[in-house]
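Engineer: Please read through the structure below; I'll follow up with questions.
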Amino acid sequence: MHPLALLSLRSRAWPTAAFPLQPLCALLAALPFACLAQEASLPAVTVHAPHQQAPAVLPDQPTPEELAAQRATSADTASLLQNIPGLSLQSAGGISSLPSVHGMTDDRLRIQLDGMDLVSSCGNHMNPPLSYVDPSRVSAVRVFTGTAPVSVGGDSIGASIQVETAPPVFAAPGQGHLMSGEIGTWARSNGNGFGGHASATYATEQLSLRYDGSTAQADNYYAARAFKAAGPAGADKPGRILAGDEVGSSSYKARNQSLSLAFRGDASLLGLEVGMQDVPYQNFPNQRMDMTRNDSTHVNLHYQRSFAWGELQARAWHEQTRHSMDFGPDKQYRYGVATGMPMDTRGSTSGAKLSGDIALSAQDTLRVGTEALRYRLDDWWMPSGGGMAPDIFRNIADGQRDRLDVYGEWEARWSPAWVSQIGLRSSHVRSNSGEVQGYNASYGADAAAFNATDRSRSDQNLDFSALARYTPNESSSYEFGFSRKTRSPNLYERFAWSTGGMAMRMVNLAGDGNGYVGNLNLAPETAHTLSATADWHDASGKRWGVRLTPWISQVRNYIDAERCSGGSGMMSVCNAANLAAQQKFVYLRFANADARLWGMDLSGFLDLGRSNTLGDLRLDGAISQVRGHNQDTGDGLYNTMPLHARLALTQQSGAWSSTAEVLLVSAKTRVSALRNELPTAGYGLLNLRASYQWQQWRFDAGIDNVANRFYVHPQAGAYVGQGATMGGTAVPWGVSVPGMGRSFKLGLTMQF
C-alpha cells in the first residue's frame, strides 16, 4: 500500500504498474544519459522578434510558476485556468471540464489550441477542445474575459481563450546541436489517480524536432461523506457495489502523443505538428452515457514571417475524431433483450487562417485576417435489440457547418497615455443536415417531419469591438470596452430531431440530467457587452495591486430552452405532463430568448515583505459575482456561479515555495426553474501545496480539501452516474454531483 493512502480518508492501495506509454520505452532508456553527457546547464535560446508595444487590451495570463504548480498534479487542462478572476469550471469527465467565463460556457467561448479551432463531436460534448492536450504540454494561457478584440473572437459571444504548447527551441549560434527533454509523473490518493509524461527535443540552429507523450488514469473518486445509499451499480451488476460516498462514473484513462518539427529562417518560422489521442474510457457522473472510445488525430501547419512593414501568419489544420458512447461499468447495461446502447460519432474539422499585422506608422497598427472552418459530423446509434432495433438510429446525418470570416482591426496610440482599438468582423455560417431515421416505425412521425423540412441554414453575422486604455501614470490604468458578438447554433442545437424520451435524454450539453431536442428555427445569438477595468498598483507593479472589472451583457436570441409540448408520434414525451413537471427530470427544446448577464470581478495582491525565517510572503485574492436571467420568462439562467472568492498566501524561500489557499463559495439560490435545477449550499475549502526545485528536479506535493469538507460545486450538475440511466424516472432526481473529498497529491519532474 502506498504511504499516502494511509493519510487519506479511506485506505486504498495505489496502482503499482508503470503507466502504459510503450512508444517511449526505448527513448526514455537512452535519452537522459545522452543528454546528461552534455553540459549540465543548457544555454538560453532566444528567438528574436520585432519589438511590439503592449496592445490596447491585456489578457489574463497565469505566470509560468502558476502553470507549473497546477500542471504538476493534474490531468485536466481546463484546471490550469481556474484561478483567473471571473472563470470557473463546469464539471464533466476527469479530463473534460468546461471553462465558464461570466456565465457563458462551452460553444459561447472561443477556445483555441495552438491556433486551432476544434469542435466537440458528441451529443453530450464529452470531447471539448481543451481535452485534446495534456496539461504537461501547456506553456502559455491567455484569457480575454472582458471585451475581446475581433482579431481573437469570432463565432462566440463570451470570452476568448488561447492555449499554447511549448514553442520550438533552437541551438545557439555556434553550439551545433542540443538535446533536451523532460520526464514527469504524478499521483493522487483519492481515486487512485496517476499519470506521467515525457518529452524529448533535438535541435540545430535551424531545425527543431520534439516528441511529447503522456498518460493519465484514475478510478472513481470519493466525496467527504455518503450522499446516496450504497448499492449495486445496476440491476444487471449485483456484484459491483458502489459505496455511499463513491461518485460513480468518474473514472478515466487517456493517452496523448505528438511530434513537432520546426524550421527557422532569418525572419521566418515554419512549424508542423502531428498529434494523436487515445481515450479508452472516460466516464461521466452527470451524463446518462459514458465515453467508451475517443480516438483523435490532428495535423497543424503554421508559418510566420517578419517584414519591414509588419508580420504575416498563416495556419492550416485538420482534425478528425472517432467517438463512441455506451453504458460504462457503473451504469446498467442490459434492458430486457437490449444489450447496451452503442452510440457512435465521426467528426472532422478542417481550418485555415491568414493574418497580417501592418505597421501603418509608429502609432498605428492595422490587423487584417481571414479564417475558414469546415466541420462535418455523423452521429449514429447501432441497433441493440428490443425497442432499439432493427434499424440504425441516425441522430445527425451528414451534418455540415462551414464558416468564413474576414476582419479588420485598427489600433492607434494617440499619446503615451491613450491607446484605442476598433475592429469589425464579418462571418458567414452555413449549416445543413441530411435525412434521418429512427430505430423503427415508432420514430417515423418525427423523422418524416424533419426530412420534409428545408434544413439548410445560412447566417450572416457581424461583430464589432471598440476599446480604449488610459494610463495617466505609473500607478494606474483604465480600460473601457464595448463589443457586439454573434454565435450561430451548433449542429445539435439545430438538428437533433427526435421527441422520443430515450432519444432526448441522449442529447444533453448541460449535465443537468434532462432531455433535449433541436430547433431548426433557432436564430444566432447576439451579445452586446460593456465592460470597464480599473487597475491600481505601485509604480513597480510588484508590491501591491488591485483590479476591478464590472461588466454587463445584453444577449438577443440567447439559446436557452423551453419545455416541449405538442410532440408527434407514439414515442414523444413532449406533452402536457412535461409542461407541469416539478421535482423530476424534464424534456426541453432549444429556444431563443432575450437574456441579460452582469457581474463584477475584483482581484488583487499584496507583497507582505521578507522574513529571515520564511522568506518572501505574498497574498493574492479574487472575488467574482455573476447574475443572469431570461428576460422573456424571468427565470434564472442555468449553471451560473454565485458569489465566490479565492484567497492565497504564498511563501517562497530559495528553492522552496508553498501556498495555503482558501476557496469560498456562497449558496446558490437563483436557479433555472425551467430545468428544475437544484440549489447548492455555500462552503469553504482549504488547499495546501508546496514545491521544491533542486537542480533539474522539481518536487510538488499538495493536499486538496484539507478538512475533508463535503460540498457540491454550483456547476457540478445532476448525479446520474449509476443505475438505469437510460430510463427517465429510474434514476433519482434531486441528487447533485458532490466534490472530491480530501486528496493527497505528489508530482515529480526532471528536466535534462
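Engineer: Using 0.36 nm times the number of residues separating Phe482 and Ala308, minus their current alpha carbon distance, what extension gain do you get?
Structural biologist: Numbers: separation 174, 0.36 × 174 = 62.64 nm, distance 3.23 nm.
Separation in residues times 0.36 nm, less the Cα-Cα distance, equals 59.4 nm.
Engineer: List every residue whose amide H lies under 5 Å from the amide H of Leu608, counting only residues 5 or more places away in sequence or on a different chain, with H placed 1.01 Å from N in the peptide plane.
Structural biologist: Those lying under 5 Å, H to H, from Leu608 are Leu617, Arg618, Leu619.
Engineer: On to the next question. Just to check I understand the Karplus step: with θ = phi - 60° and J = 6.51 cos²θ - 1.76 cosθ + 1.60, what whole-Hz values come out for the stretch 161-166, glycine and proline as x?
Structural biologist: For the stretch 161-166, the Karplus-derived couplings read 10, 10, 10, 10, 8, 4 Hz, x marking Gly and Pro.
Engineer: If you don't mind, there's one more thing I want to ask. Treating only the Cβ of Lys, Arg, Asp and Glu as charged (+1, +1, -1, -1), what charge dipole size does the chain show about its Cα centre? Round to the nearest 20 debye.
Structural biologist: Working: 62 positive and 65 negative charges, 267 e Å.
Using Cβ point charges on Lys, Arg, Asp and Glu, the chain gives about 1280 debye.
Engineer: Would you mind listing how long the stretch 709-752 runs along its three principal axes, going by Cα atoms, in whole Å with the largest first?
Structural biologist: Result for the stretch 709-752: principal-axis Cα extents of 55, 24, 16 Å.
Engineer: If you don't mind, there's one more thing I want to ask. Any idea what % of Cα-Cα pairs in the stretch 474-553 are farther than 21 Å?
Structural biologist: Details: 1818 of 3160 pairs.
In whole percent, the long-distance tail amounts to 58.
Engineer: Moving on. Based on Cα positions only, what radius of gyration and what Dmax would you give for the stretch 529-636, in angstroms?
Structural biologist: 23.9, 77
Engineer: Turning to a different aspect of this structure: Could you please rank Glu493, Glu435, placing first whichever residue has the fewest other Cβ atoms within 10 Å of its Cβ? Before the final figure, lay out each step's value.
Structural biologist: Numbers: Glu493 22, Glu435 13.
Taking fewest neighbouring Cβ atoms as first place, the list is Glu435, Glu493.
Engineer: Give the aspartates and glutamates reachable from Lys237 as a straight Cα distance under 19 Å; neighbours fewer than 8 places away on the same chain don't count.
Structural biologist: Within the straight-line cut-off, Lys237 pairs with Asp219, Asp245, Glu246, Asp290, Asp326, Asp330.
Engineer: Show me the three semi-axes of the equivalent ellipsoid for the stretch 438-574, from the C-alpha gyration tensor (sqrt of 5 times each eigenvalue), largest first, rounded to whole Å. The partial results should precede the final answer.
Structural biologist: Values: eigenvalues 460, 59, 20 Å².
Working from the Cα gyration tensor, I get semi-axes of 48, 17, 10 Å.
Engineer: Report the far tail of the P(r) of the stretch 380-444, meaning the percent of Cα-Cα pairs longer than 17 Å.
Structural biologist: Working: 1353 of 2080 pairs.
Here the long-distance tail beyond 17 Å is 65 percent of all Cα pairs in the stretch 380-444.
Engineer: May I ask for log10 I(q)/I(0) of the stretch 620-675 at q = 0.14, 0.18, 0.30 Å⁻¹, from a Debye sum over the Cα atoms as equal point scatterers with solvent left out?
Structural biologist: Cα-only, vacuum Debye calculation for the stretch 620-675: -0.54, -0.69, -1.12.
Engineer: What nm distance separates the two modelled labels at Met276 and Leu686, each placed 7 Å from Cα along Cα→Cβ?
Structural biologist: Roughly 4.7 nm, to one decimal.
Engineer: Just to be sure I understand the rule: take each whole DSSP H helix in the chain, project its Cα atoms onto its long axis, keep it if the span is 15 Å or more and its mean Kyte-Doolittle hydropathy is at least 1.0. Which ones pass?
Structural biologist: 25-36
Engineer: Once you have the Kirkwood Rh of the stretch 204-297 from its Cα pairs, apply Stokes-Einstein at 37 °C and 0.692 mPa s and quote D in µm²/s. It would help to have the intermediate numbers written out before the result.
Structural biologist: On the way: Rh = 16.7 Å.
D = 197 µm²/s.
Engineer: Taking neighbour Cβ counts within 10 Å as the exposure measure, how do Trp697, Trp598, Trp186 sort from fewest upward? Before the final figure, lay out the partial values.
Structural biologist: On the way: Trp697 12, Trp598 18, Trp186 23.
Ordered by Cβ neighbours within 10 Å, fewest first: Trp697, Trp598, Trp186.
Engineer: Something else: Taking the stretch 155-225 as the region of interest, what is the percent of Cα-Cα pairs per 10 angstrom bin, listed from the shortest bin to the one with the maximum distance?
Structural biologist: Using 10 Å bins, I get a P(r) of 16, 27, 23, 24, 9, 2, 0 for the stretch 155-225.
Engineer: In nm, to one decimal, how far is the modelled label at Ser426 from the one at Ala580, with both set 7 Å along Cα→Cβ?
Structural biologist: It is 5.3 nm.
Engineer: Let me ask another. Are there trypsin sites (Lys or Arg not before Pro) in the stretch 491-561 that DSSP puts in a loop and that have at most 16 other Cβ atoms within 10 Å, and which ones?
Structural biologist: Details: sites: Arg494, Arg505, Lys542, Arg543, Arg547, Arg556; in loops: Lys542, Arg543.
Sites meeting the loop and neighbour criteria: Lys542, Arg543.
Engineer: Put a dot 7 Å past each Cα toward the Cβ at Trp414 and Gln696; how far apart are the dots in nm?
Structural biologist: In this crude spin-label approximation the distance works out to 5.4 nm.
Engineer: So for the chain, taking the charge dipole from beta-carbon charges (+1 Lys/Arg, -1 Asp/Glu), which of His298, Gly518, Gly609 sits furthest toward the positive end?
Structural biologist: Result: Gly518.
Engineer: Determine the equivalent ellipsoid of the chain by diagonalising the alpha-carbon gyration tensor, then write out the semi-axes as square roots of 5 times the eigenvalues, largest first, rounded to whole Å. Provide the component values of the computation, followed by the final result.
Structural biologist: Working: eigenvalues 310, 204, 149 Å².
Over the Cα atoms of the chain, the semi-axes work out to 39, 32, 27 Å.
Engineer: Over the stretch 134-182, what portion of Cα pair distances is larger than 13 Å, expressed as a whole percent?
Structural biologist: When all Cα pairs of the stretch 134-182 are counted, 69 percent exceed 13 Å.
Engineer: May I pose another question? How large is the Rg to Rh ratio of the stretch 610-752 when both quantities use alpha carbon positions and Rh follows Kirkwood?
Structural biologist: On the way: Rg = 20.3 Å, Rh = 18.3 Å.
Value, to two decimals: 1.11.
Engineer: Let me ask something else about it. Give me the three principal axis extents of the stretch 326-466 from the C-alpha atoms, as integers in angstrom, largest value leading.
Structural biologist: 75, 39, 22
Every read-out reported here was derived from the displayed coordinates using simple, explicitly stated rules and does not represent laboratory data. Since the model is a prediction, treat every value here as computed from it, not as a measurement. Heads up, the Cβs are rebuilt from the backbone with ideal geometry, glycines too, and the neighbour counts pull from every protein chain shown.
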